[in-house]
Amino acid sequence: MGINEKVQLIDDDEIITLYDEENNPIDFYEVAVVEYNSELYAILQPCDEVEGIEEDEVVIFKIEEGDDGKDDMFTYIDDDDIADAVFEEYLRATAECDKESCEGCPSADSCEEKKD
């Protein structure tokens, strides 16, 4: 799946547009996809300022198959225990990236600088 078996870092600035309760579009950068308890979760960061979300914060959504079987649905995770566990898995994977080989790591350039 990526750096380790459960985390795929996204480094291509893919933008996902989601809609709030009032049907207003909000653009997010997809930071990573994390597998936790056999479920997939997306770690997203707002492209622009969003009320209630700090500039350096991310939001975690569960990825579910859409009703049409094609498009993914993103469900906001309001369970702090699950959100914390997913984010810890992400942090563990990025820490492994810094410690191990830079192959396949989105921050390979910075890793190479650390080695020199």
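Here the 3J(HN,Hα) profile of the stretch 72-84, calculated from phi with Karplus coefficients 6.51, -1.76 and 1.60 at θ = phi - 60°, is 6, 10, 10, 10, 4, 9, 9, 8, 4, 5, 5, 4, 5 Hz, Gly and Pro shown as x. For Ala32, nonlocal amide neighbours, meaning residues 5 or more places apart or on other chains whose placed amide H falls under 5 Å from its own, are Ile10, Ile43. Which shape class, rounded, prolate or oblate, goes with the stretch 1-77 when its Cα gyration tensor gives a ≥ b ≥ c as root eigenvalues, a/c under 1.5 marks rounded, and past that a/b bigger than b/c marks prolate? Because a/c hits 1.5 or more and a/b fails to exceed b/c, the stretch 1-77 counts as oblate. Distance between the modelled labels on Ile16 and Gln45, one decimal in nanometres: 1.5 nm (7 Å Cα→Cβ projection).
Every number here is computed from the coordinates shown, using simple stated rules; none is lab data. For clarity, every value in this text was computed on a predicted model and none was experimentally measured. Neighbour counts are summed over all protein chains in view; Cβ atoms, including those assigned to glycine, are modelled from backbone coordinates with ideal geometry.
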